[in-house]
1. Please figure out what share of the DSSP beta bridges in the chain is antiparallel and state it in percent, rounded to the nearest 5.
2. Report Rg/Rh for segment 119-215, rounded to two decimals, where Rg is the Cα radius of gyration and Rh the Kirkwood radius.
3. Where Rh is the Kirkwood radius over the Cα pairs of the chain, the temperature 20 °C and the viscosity 1.002 mPa s, what D in µm²/s does Stokes-Einstein return?
4. Along the charge dipole of the chain, Cβ charges K/R +1 and D/E -1, which of LEU64, ALA244, PRO168 sits furthest on the positive end?
5. Kindly count the pairs of lysines across the chain whose alpha carbons are less than 26 Å apart, treating pairs on different chains or eight or more residues apart as eligible.
6. Given +1 on the Cβ of Lys and Arg, -1 on the Cβ of Asp and Glu, and no further charges, what dipole in debye does the chain carry about its Cα centre, rounded to the nearest 20?
Amino acid sequence: MVKILYRWQFPVMKSRVLITLPLPTAALDALKQQFDVQIWDQGPMPKLQIAQRAKTTDAILCSLGTSITSDLIRSNPQLRTISSISVGVDHIDMAAATAASLPIGHTPDVLVDSTADLALALMLAATRRIVEADRFVREGHWSADWTTDFFLGTDLSRATIGIVGLGPTGLAVVKRVRAFGAKVIGWNRTEREVPGVRNVALDDLFAEADIVSVHTAAAPETHHLVSANRLALMKPGAVIINTARGSVIDESALIVALSKGKIRAGLDVYEQEPLAKDSPLLALDNVVLMPHLGSATAATRQAMMERACANLIAGLDGKPLPWCANPEVYAGG
Ligand code: DGY
């Protein structure tokens, strides 16, 4: 006898999701209830593993450490979305994704304040030599009497601060440094009027600023925007801060400038991440190094995950992603 199955009796196929990084248990459990999840939680996911597992997935949830190449996109036409737990999407071949009409999700806005706070922390750490002084105390060198030239630094209130990139994070830094009483000069790829900020040419910004803070996104046009020539324009004792992307600064040229002792730096991002174990930066006292922690607060990471999950769910439902990095994929649709 043939048993008739009604439509609602067919097993519902769950969409398949490949997650390329460890997630907090609560977030992972919620995703497992809705999707057929494969997770890679053993450190950076090797390219070969991504290539193999991508074949059997409908969507990828990833972050900065997973490189999504044009090859991967082209060889997986079944992918319905890629959702990155990051605002930056420079780890994804965006041209290939858009050509394949593949929506890419990202997490703008929610990490602006955390990143701006970290830029300020690096400015204060570099100008007041906090890490150097901490090391000095821990290593037991604090034996001499207090002297008038002991670990001298510079004041934010007396500084001219140059903001490279007047997007949301650059503006959040402007707000903070103005509260310290600093003078602010700025440069943006497309000129932008900002109250309290004097726009200057990029070379003039490097020549005039006591502190330069970099907030421009990684793009072919911003690659090595901070070149050896621009670093050479900086005043003796000036400080450069980078919480944007490593590729914006020519890191070899920065290492040369720092090695000469002419400038100081505070870095959260590097041309190669993780920073190579033999990077000359590690041996320099006049640079404060952070391991890409701009967005690393519990509340901000939670907000980023919520946006990334909302993007993932919308993409798998065939709906427009609420935070889409390539909205042109919906044009005409
Ligand atoms: C991002 O989301 O792009 C940040 O760099 C992570 O902190």
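What follows is calculated from the coordinates using simple rules that are stated; it is not laboratory data. A quick note: this is a predicted structure, and the numbers were derived from the prediction, not measured. A quick note on method: Cβ atoms are made from the backbone with ideal geometry, for glycine too, and the neighbour counts reach across all protein chains shown.
1. On the way: 1 of 39 bridges.
The antiparallel proportion sits near 5 percent.
2. Details: Rg = 16.1 Å, Rh = 14.7 Å.
Computed over Cα atoms, the ratio is 1.10.
3. The diffusion coefficient I find is 97 µm²/s.
4. LEU64
5. Final tally of qualifying lysine pairs is 19.
6. Dipole magnitude for the chain comes out near 840 debye.
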